[in-house]
Amino acid sequence: MKRYFIKTFGCQMNVADSEEMAGVLQARGYLPAPRPEEADVIVVNTCTIRRKAEEKGYSELGRYCGLKRRRGGVVVVAAGCAAGKDGRRLLSRLPQVDLVVGPSRVRRLGELLDGHTPGGELHLDLDPAHYPGAGEVPVRAGRVTAYVSIVRGCDNFCSYCVVPHVRGREVSRPPGEVEEEVRRLAGEGYGEITLLGQNVNSYGRGLDPPVTFPQLLERLDRNTGIRRLRFTTSHPRDFGPDLAAAVADLPSVCEWVHLPLQSGSDRVLAAMNRGYTRTYYLDLVEDLRRRVPGIAVSTDLIVGHPGEEEEDFRQTVETMRRLHFSGVFAFKFSPREGTAAAALPDSVPAGEKERRLAEVLALQREITLEQHRRMVGGLVEVLVEGPGKAGEGELTGRTRGNTVVHFRGDPTLTGRTVSLRVTRACAHSLGAEIPSG
Ligand code: SAH
Ligand code: SF4
Ligand code: F3S
């Protein structure tokens, strides 16, 4: 019996891809190995969104190549975005790698392994045959929450972003397939599904008959019996009133949106090719908050994009102060080969990027902590995901607003939705207890 081990870097899309690879391999009789040392096939699912993310994948691959040199007989697979981008260059850097599989080919991993000859094969086409076949059910890590990818690729070409270059054009998964999968997961006891795409708002373009993302949500809400639905990522430009109405009206759709702002400066937003202005974004969030009271809005920010001056950065900080995001993922601009921004001078010095990053992170920490403090004493609805990392009787789950909550309770509560009293505010989570009486 052959065993596989998959190590994943990058975003939720890569996590979902790894779950699909695991499904494809298990459909062929492979079993999971607890450690790479015990695996016959080792897959590293790589990311290339920023240089650092890419380096992590390469160093992991290097480690497994070392393992192969010592043990022999192991097949090392470099999969995902960095692998797809580098292709042959990856093989010259790490000649022990057997297969290089781009992100659009990961579901072919089974066939590719069957047919491969030792010594470095490239599978880089951006083909649209991208969803699992019959019997190739993704093997998911969690039993309570699950990712379901609904749009692959991206057509947006934001100045800084490598994703459209490595994942190719946008392709939506037919709504019937999505519905069937969500219904099956709900039947298996999953309580929450996160629908994935680089830009879920453009879901359905190019499908025949055409369907919109709000229509998909409505269908899933009505027909699948799933308790909670989330989706990520939303592009502000494509977030229309029909989607806001769906979030407001559909009971299963959680009161949370991840809406990457990237920058609060119109000048920088234009340079980023984001297709909206600061005022547009402010109005959008205001409209959402009016329609969906208490909705949590989280965001992504980039500091130090080429041409970002101090006054542009101040606009970003000012927008944060004004909107009070529930969470911020902030990144220092990292030039990526082949993107429009990489052709511009990387004008913001490293130390200055570092300073700007530290400022937004510190500010957001304050904002989140303050929001969490205001919740102490109140009740929150939590979907229990299972034992927490602190061990000993601690459980963890999330609110509909996507805040992590830790509390003490019986592990049999896993999968249930419980009402908890908030007792403690931390920067990244809440502490709570089961209300007495
Ligand atoms: N599709 C999503 C996000 C994709 S990547 C969206 O459109 O928002 C996740 C985040 O990484 C981005 O939102 C952006 O903030 C950041 N990012 C992408 N490319 C980057 C780069 N070259 N340097 C720094 N951060 C980057
Ligand atoms: Fe990248 Fe922009 Fe596409 Fe998001 S929308 S994946 S940031 S190009
Ligand atoms: Fe995701 Fe990284 Fe690819 S963020 S889409 S795994 S480049």
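Dipole check for region 173-307: with +1 at the C-beta of Lys and Arg, -1 at the C-beta of Asp and Glu, and the Cα centre as origin, the magnitude is about 240 Debye. Rounded to the nearest 20, the size of the Cβ-charge dipole of the chain about its Cα centre is 880 debye, with Lys and Arg at +1 and Asp and Glu at -1. With contacts taken as Cα pairs under 8 Å at a separation of at least 6 residues, the chain carries a relative contact order of 10 percent. Most simply put, the chain has about 30% antiparallel DSSP beta bridges, counting only bridges with both residues inside it. Can you give me the Cα centroid spacing of region 375-398 and region 34-98 in angstrom? Going from one Cα centre to the other spans 36 Å. Between ALA362 and ALA427, the modelled label-to-label distance comes to 1.1 nm, taking each label 7 Å out from Cα in the direction of the beta carbon.
Using the Cβ-Cβ distance between MET1 and ARG374 with R0 set to 51 Å, the FRET efficiency works out to roughly 0.40.
D by Stokes-Einstein for the chain, Kirkwood Rh over Cα pairs, 20 °C, 1.002 mPa s: 93 µm²/s. Residue by residue, region 86-98 carries 3J(HN,Hα) couplings of 8, x, 4, 4, 5, 5, 6, 6, 10, x, 6, 5, 8 Hz when phi is fed to the Karplus relation 6.51 cos²θ - 1.76 cosθ + 1.60 (θ = phi - 60°); x denotes Gly or Pro. When the C-alpha to C-alpha distance is required to be over 19 Å, the pairs from LYS85/LYS353; LYS7/LYS332; LYS56/LYS332 that qualify are LYS85/LYS353; LYS7/LYS332. Using a 10 angstrom cutoff on alpha carbons, build the Gaussian network for the chain and name the most mobile of THR414, THR279, THR316. Of THR414, THR279, THR316, the most mobile in the Gaussian network model is THR279.
Helices in the chain, meaning DSSP H runs of at least 4 residues, each add -39500 (n - 2.57). Divided by all residues, the mean residue ellipticity at 222 nm is -11000 deg cm²/dmol.
Checking every one of the GluC sites (Glu not before Pro) in region 378-407 against DSSP loop status and a limit of 13 other Cβ atoms within 10 Å picks out GLU392. Listed as lacking a disulfide-compatible partner in the chain: CYS11, CYS47, CYS65, CYS81, CYS154, CYS254, CYS426, by the criterion of no other cysteine Cβ under 4.7 Å.
Here the calculated FRET efficiency for ALA343 and GLN12, from their Cβ-Cβ distance with R0 = 30 Å, stands at 0.55, rounded to the nearest 0.05.
Backbone amide hydrogens, once placed in the peptide plane, bring LEU195 within less than 5 Å of VAL148, ARG230, PHE231, THR232, excluding anything fewer than 5 places away on its chain. Springs between Cα atoms under 10 Å define the GNM used for the chain, and in it the highest mean-square fluctuation of ARG183, ARG228, ARG93 occurs at ARG93.
Length available on full extension from ASP410 to ARG89: 0.36 nm per residue minus the Cα-Cα distance, which gives 110.4 nm. Taking every C-alpha pair closer than 8 Å and separated by at least 6 residues, the mean separation divided by the residue count of region 173-327 gives a relative contact order of 20 percent. Panel values: region 214-357, Kirkwood radius from alpha carbon pairs, Stokes-Einstein at 20 °C and 1.002 mPa s, translational diffusion coefficient 131 µm²/s.
Between GLU37 and GLU188, the FRET efficiency estimated from the beta carbon spacing at R0 = 35 angstrom works out to 0.65. Net length available on complete extension from LYS389 to ARG70 is 111.4 nm, with 0.36 nm assigned per residue and the Cα-Cα distance removed.
Put simply, the amide H of ALA330, placed in the peptide plane, has neighbours under 5 Å in LEU301, leaving out anything fewer than 5 places away on its chain.
Any chance you could run the full-extension gain for LYS52 through ALA248? It's 0.36 nm times the residue separation minus the Cα-Cα distance, nm to one decimal.
Additional length available on full extension: 66.7 nm.
The local environment of ARG69, defined by Cβ-Cβ distances under 14 Å, has a net charge of +2 under the rule Lys, Arg +1 and Asp, Glu -1.
We did not get these values from a lab; they are worked out from the coordinates using the rules stated. All figures in this text were calculated on a predicted structure; none of them were measured in a lab. Neighbour counts are summed over all protein chains in view; Cβ atoms, including those assigned to glycine, are modelled from backbone coordinates with ideal geometry.
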